[in-house]
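Remarks on the structure that follows.
The values are calculated or read from the model by the stated rules, or taken from the named source; none is laboratory data. Values in this document were obtained by computation on a predicted structure and should not be read as measured data. So basically every Cβ, Gly included, is an ideal-geometry build from the backbone, and we count neighbours across all protein chains shown.
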Amino acid sequence: MYALNTVCFTVLLASTALAYVILKPKAYIRLNDDNGAKTINASTLNSVDFDYNTNILYIIAKEPARLTAFTLAVDGTPTQLLEHTFNPYLEGYPLDIEICRPQTLGATPRVAISFVNPASRSADGRVVFFQPLSFGSTTFDEIQRVTVGAYPYDMEFTEDCTILIVSNKGKPTKEGSQYRDPEGTISKIQLGVDFNDATPITSSVISFTDYFSGEAGLLNYIDLLGKNFRTFPVRDPTNNLLSLEQNIEPHDVIITDNGETAYVSLPVNNAIARINLFTDQVSEIFALGNRTWRNYYMDASDRDGATDTGDSELEVQLGDEAVLGRLAISTVDGVRTDGLIDKPFTFGGRGFSIHLPTNLGIGSTTVDSFEKVTKQYMSDVFNTAYTGPSSNPQADRETTSPYLGPDLQAMDVAEFEDKTVLFVAGGSSGILYVYVLSADAWCPQPYFHSLYRAGGKYSSWQALYDTEQMGDIGITDVRFLEDIDLVPVLVVASSTSNSVSIYTVEEGPFDVETGI
Ligand SMILES: *[C@@H]1O[C@H](CO)[C@@H](O)[C@H](O)[C@H]1NC(C)=O
Ligand SMILES: *[C@@H]1O[C@H](CO)[C@@H](O)[C@H](O)[C@H]1NC(C)=O
């Protein structure tokens, strides 16, 4: 078995620490749906940010098109300050929120929210800048807005708040007979330290076209293809040829501390792009290759298409529904000229890797650690996902096994008690994993410390939701906050449970509770 995503050697380490970094539940809040009521599965994407100046936590929920703000000023317990509803027909659905306060005296703090175009998600999106809320705020006031590319999925400010980088996913749509697949692009928005509704804001587009144009571009493309870079489909449903740029789908963006470079993940393309923020060019794309699963544990229990792998054991597993028979397998990679699948390639990393900044080579990686520790500690909700209100978490175990396994959807890295701690969330299962990265001169090595899953396992999803025991299902964002009332916390935003949880981050014995 092979998986597209990440290559190389592996380190799987058991913890040697005496005290583990653990999470303890502190608060759990269900957010409103678009009618202001509480309903299960009311959102599709929730995103959070925090304003340390005011202790205000902002949560935006895409589908109900809402912002809910809480103050954490009283003992770190969230108290709702304000709820603001966006009009999806006029303003669009919100995708991401970023707050930035320039350190300069007299500067304008800013809250940026990216929106899907209200007419069509494949039309240009926008970023709207708002005034940050304060304790007595009753309204959420816009300063100014700018147009960006289609489906502005993620944003990041430079440290001085004067540049905002936006990744425009460019998702395709078919509306009636019209098919449209916009290019994936990056927007660079430049705004002053001090700005108001009349101050010019410039927005420019960083495109992937140059990287693939001319002879050098062809060489870039050939090189990437050798490392499992993917740009499919080649043609749209109306049989028109699609360009490479149309098939590039930027997702998450980060900016290096010196503000010179941005990294953008291209998950659909199995790659990471490096962007030079001086020249405003894509300077390099790193394809993430593939890795063999032969010596690792993968629980992947539909797949059509004939295989002829020459490996009798693998053939039996692929034929068995309970083993690999339902695994989603590539019909492009590992296919022989006669059309039979010679080497089955599946998707999704199911682990995490730490890459070296120079060439994005892999320094360390966990391959099957998530699935192993989940099997060990929480086998009754292993790879579970919400399939409907009358089912339950335990009955729905294994739902994501044939697809993305642990379905890792969000992470944050933080400094805590002189350690570098990584928090990773299994999106559908609602399991939070904590790893500590050892200080290694060359590349930090990950040590598993603990895992935590809120919510019940055996009552129906609806009953759990109604009694506020659904936990964090459909996690789309996690954020570490340092020293909230002297205690560091992890904020977890989830879409299916349409909730926000707050956990305190502590050191102590790791003990898995049995659940409800
Ligand atoms: C998978 O990666 C290896 C290198 O790790 C490479 O030799 C091989 O060609 C790749 N397989 C495919 C089908 O691209
Ligand atoms: C949850 O909501 C999403 C978006 O509205 C929908 O596509 C999905 O089918 C729902 N899930 C279930 C199990 O009802």
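Hey, can you tell me all the residues within the range 428-464 that are part of a loop (DSSP other than H, G, I, E, B) and modelled with pLDDT of 95 or more?
Our first condition is that a residue be part of a loop (DSSP other than H, G, I, E, B); within the range 428-464, this holds for 428-430, 438-445, 454-460.
Within the range 428-464, 428, 429, 430, 454, 455, 456, 457, 458, 459, 460 qualify.
Regarding residue 240, is this residue more than 16 Å from ligand 2 (Cβ to nearest atom) and either over 25 Å from residue 476 (Cα atoms) or exposed (fewer than 15 other Cβ atoms within 10 Å of the Cβ) (or both)?
In short, yes.
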Task: Of residues in the range 352-394 being in a loop (DSSP other than H, G, I, E, B) and within 16 Å of ligand 1 (Cβ to nearest atom), the one surrounded by the fewest Cβ atoms within 10 Å (Cβ to Cβ) - done: 359
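Just to be sure, is residue 326 more than 16 Å from ligand 1 (Cβ to nearest atom) and at pLDDT below 75?
Judged against the criteria, residue 326 is a match.
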- [ ] Determine which member of the set 289, 310, 259 is modelled with pLDDT of 70 or more, among the small types (Gly, Ala, Ser) and within 16 Å of ligand 1 (Cβ to nearest atom).
- [x] 289
Open item on the list: When you scan the range 461-479, do you find a residue that is basic (Lys, Arg) and more than 18 Å from residue 511 (Cα to Cα), even just one?
Closed with: yes
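For residue 229, are the conditions met, namely being closer than 16 Å to residue 360 by Cβ and not in a helix (DSSP H, G or I)? Full working, then the answer.
Values: closer than 16 Å to residue 360 by Cβ: yes; not in a helix (DSSP H, G or I): yes.
Taking the combined requirement at face value, the residue satisfies it.
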TODO: Take the range 474-513 and flag every residue that is out of contact with any strand residue (DSSP E or B) (no Cβ under 6 Å at 6 or more places or on another chain) and part of a loop (DSSP other than H, G, I, E, B).
DONE: 485, 486, 496, 497, 498, 509, 511, 512, 513
TODO: Provide a single number: the residues in the range 19-32 that are at pLDDT 95 or above and either within 16 Å of ligand 2 (Cβ to nearest atom) or among the aliphatic types (A, V, I, L, M) (or both).
DONE: 8
TODO: Please go through the range 494-516 and pick out each residue that is of a type in the set (Gly, Ala, Ser) and either under 20 Å from residue 53 (Cβ atoms) or away from ligand 2 (no atom under 16 Å from the Cβ) (or both).
DONE: 501, 508, 515
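Which one is nearest to residue 118 (Cα to Cα) among residues in the range 49-65 that are away from ligand 2 (no atom under 15 Å from the Cβ) and surrounded by 23 or more Cβ atoms within 10 Å (Cβ to Cβ)?
Residues of the range 49-65 away from ligand 2 (no atom under 15 Å from the Cβ): 49-60.
Filter once more, keeping what is surrounded by 23 or more Cβ atoms within 10 Å (Cβ to Cβ): 56-60.
Numbers: 56: 28, 57: 26, 58: 22, 59: 20, 60: 16 Å.
Within the range 49-65, the match that is nearest to residue 118 (Cα to Cα) is 60.
Yes/no matrix, rows are residues, columns are (1) surrounded by 12 or more Cβ atoms within 10 Å (Cβ to Cβ); (2) β-branched (Val, Ile, Thr); (3) on the phi > 0 side of the Ramachandran plot; (4) in contact with a Cys (Cβ under 8 Å, 6 or more places away or on another chain):
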{"residue": "181", "(1), (2), (3), (4)": "yes, no, no, no"}
{"residue": "199", "(1), (2), (3), (4)": "yes, yes, no, no"}
{"residue": "203", "(1), (2), (3), (4)": "yes, no, no, no"}
{"residue": "219", "(1), (2), (3), (4)": "no, no, no, no"}
{"residue": "229", "(1), (2), (3), (4)": "yes, no, no, no"}
{"residue": "244", "(1), (2), (3), (4)": "yes, no, no, no"}
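Looking at 219, 225, which one is farther than 23 Å from residue 116 by Cβ and at pLDDT below 95? I'd like the intermediate steps shown before the answer.
Numbers: 219 fails: at pLDDT below 95.
Result: 225 is the single residue among 219, 225 that is farther than 23 Å from residue 116 by Cβ and at pLDDT below 95.
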Task: Subset of the range 457-480 that is among the aromatic types (Phe, Trp, Tyr) and more than 18 Å from residue 378 (Cα to Cα) - its residue that is farthest from the chain's Cα centre (by Cα) - done: 465
